[in-house]
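These notes concern the structure reproduced below.
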Amino acid sequence: MEDHYYKIVNECFNFLKDKVPFSPEIIITLGTGLSGLAEEVEIHFKIPYQEIPHFPVSSVETHIGELILGYLSGKRVALLRGRFHYYEGYSAKELTLPLRVLTLFKPKIYLVSNAAGGLNLAFKPGSLMLIKDHINLIPDNPLRGPNIEEWGERFPDLSQAYDKELRDKFKKTAQELGEELFEGVYVAVPGPSLETPAETRFLRMIGADAVGMSTVPEVIVAVHSGLKVLGISVIANVNDPDNFQPILFEEVVKSAQATENRLGKLIKEFLKRL
Ligand code: HPA
């Protein structure tokens, strides 16, 4: 039986293969308020998502949808500028389609960033958290359904989803740049409504340090296809269940944007050292 998803992923890949100037080594997804790094890329190829067959088109205004290929710190990167979320109505499989297509170029590394709510009270708005592990509370998995053996195994191991060596390298880079970097567990929730104080208490109890509505589906696809993953959360707001403040999405975006330059510098220096 020909799998429909397999067919559309390959159609996208074949469409792009003839257009891109090179195969990327590193795939980068930039989160809410963090798309400015795209300005730093020496761009060799750029295409809006609307022009790629089958690509979803983002409904979140803060996410510009385009695929960029170019050089960043001397590395061949593909930048997914703008991402898709479960809360927009996409399934985990649909929202990871752009990444799945890019994995067919056989890149080595997936670098993903997001804006997240801090659950760990050591965090402040603007803190950076390296993701060391995740909890998936999105009631979907991008690998649900027939497994495509060519892409990866049926039951991928997630014991080391966030590569230790890459994390150590990133921590060292942060230290040398004098940038404070936390490390913690990211929990993905379906959204779009934000957490109640009681849910926030629950998420802390189950061991999460930061909460967001993205990243986990992509990381599952990346690990499934054999990529090494580095994930960073920008803590946009901190949610204290005992002193709960309203979470305003505009504030989240603003806070992430204020951190963008610091994260951009770190990423550029990190890539140089790879
Ligand atoms: N909760 C969920 N997602 C988020 C938050 C939050 O507090 N902040 C940014 N993304």
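Would you mention how many residues in segment 72-103 are touching a Leu at 6+ places or on another chain (Cβ under 9 Å) and either within 23 Å of GLU269 (Cβ to Cβ) or not in a helix (DSSP H, G or I) (or both)?
15
Could you check, for segment 202-211, whether at least one of its residues is aromatic (Phe, Trp, Tyr) and either more than 10 Å from the ligand (Cβ to nearest atom) or within 14 Å of ILE131 (Cβ to Cβ) (or both)?
Scanning segment 202-211, I find at least one residue that is aromatic (Phe, Trp, Tyr) and either more than 10 Å from the ligand (Cβ to nearest atom) or within 14 Å of ILE131 (Cβ to Cβ) (or both), so the answer is yes.
Just wondering, is there one or more residues in segment 262-274 that are out of contact with any Lys or Arg (no Cβ under 9 Å at 6 or more places or on another chain), open to solvent by 30 Å² or more (accessible area, probe 1.4 Å) and not charged (D, E, K, R)?
No, segment 262-274 contains no residue that is out of contact with any Lys or Arg (no Cβ under 9 Å at 6 or more places or on another chain), open to solvent by 30 Å² or more (accessible area, probe 1.4 Å) and not charged (D, E, K, R).
Being touching a residue at least 60 places away in the same chain (Cβ under 8 Å), within 23 Å of PRO139 (Cα to Cα) and of a type in the set (Asp, Glu) is true for just one of GLU218, GLU179. Which residue is that?
Only one candidate qualifies: GLU218.
Out of segment 241-274, which residues are within 15 Å of the ligand (Cβ to nearest atom) and either hydrophobic (A, V, I, L, M, F, W, C) or in contact with a helix residue (DSSP H, G or I) (Cβ under 8 Å, 6 or more places away or on another chain) (or both)?
PRO241, PHE244, ILE247, LEU248, PHE249, VAL252, VAL253, ALA256, GLN257, ALA258, GLU260, LEU263
Out of segment 212-240, which residues are more than 9 Å from the ligand (Cβ to nearest atom) and among the β-branched types (Val, Ile, Thr)?
Answer for segment 212-240, where residues must be more than 9 Å from the ligand (Cβ to nearest atom) and among the β-branched types (Val, Ile, Thr): THR215, VAL216, VAL219, ILE220, VAL221, VAL223, VAL229, ILE232.
Looking only at residues that are out of contact with any Leu (no Cβ under 9 Å at 6 or more places or on another chain) and open to solvent by less than 30 Å² (accessible area, probe 1.4 Å) in segment 146-175, which one is farthest from ALA222 (Cα to Cα)?
Result: ILE148.
Given the conditions (1) under 18 Å from the mean Cα position of the chain (by Cα); (2) among the acidic types (Asp, Glu); (3) open to solvent by 40 Å² or more (accessible area, probe 1.4 Å), which single one is not true for GLU66?
The failed condition is (3).
Considering each of GLY178, GLY191 in turn, give the residue that is surrounded by fewer than 20 Cβ atoms within 10 Å (Cβ to Cβ) and touching a His at 6+ places or on another chain (Cβ under 8 Å).
The match here is GLY191.
What are the residues in segment 117-126 that are of a type outside the set (Phe, Trp, Tyr) and modelled with pLDDT of 95 or more, if any?
Selection gives GLY117, GLY118, LEU119, ASN120, LEU121, ALA122.
Among what's in segment 1-53 and is more than 30 Å from SER255 (Cα to Cα) and among the aliphatic types (A, V, I, L, M), pick the residue that is most open to solvent (accessible area, probe 1.4 Å).
If we take residues in segment 1-53 being more than 30 Å from SER255 (Cα to Cα) and among the aliphatic types (A, V, I, L, M), then MET1 is most open to solvent (accessible area, probe 1.4 Å).
Could you check PRO190 against (1) outside any strand (DSSP E or B); (2) away from the ligand (no atom under 12 Å from the Cβ) and say which number it fails?
So PRO190 meets the others, but not (2).
What tally of residues in segment 95-135 results from selecting those that are away from the ligand (no atom under 13 Å from the Cβ) and either within 28 Å of PRO24 (Cα to Cα) or open to solvent by less than 10 Å² (accessible area, probe 1.4 Å) (or both)?
Result for segment 95-135: 24.
Mind checking which residues of segment 27-43 are of a type in the set (Gly, Ala, Ser) and closer than 12 Å to LYS268 by Cα?
Result: ALA38, single match.
The values are calculated or read from the model by the stated rules, or taken from the named source; none is laboratory data. On a predicted model such as this, the values are computed, not experimentally measured, just so you know. Please note: Cβ atoms are built from the backbone with ideal geometry, for glycine as well, and neighbour counts cover all protein chains shown. To get the accessible areas, we keep the full protein, side chains included, count just its heavy atoms, and leave off ligands, DNA and RNA. Shrake-Rupley method; radii C 1.70, N 1.55, O 1.52, S 1.80 Å.
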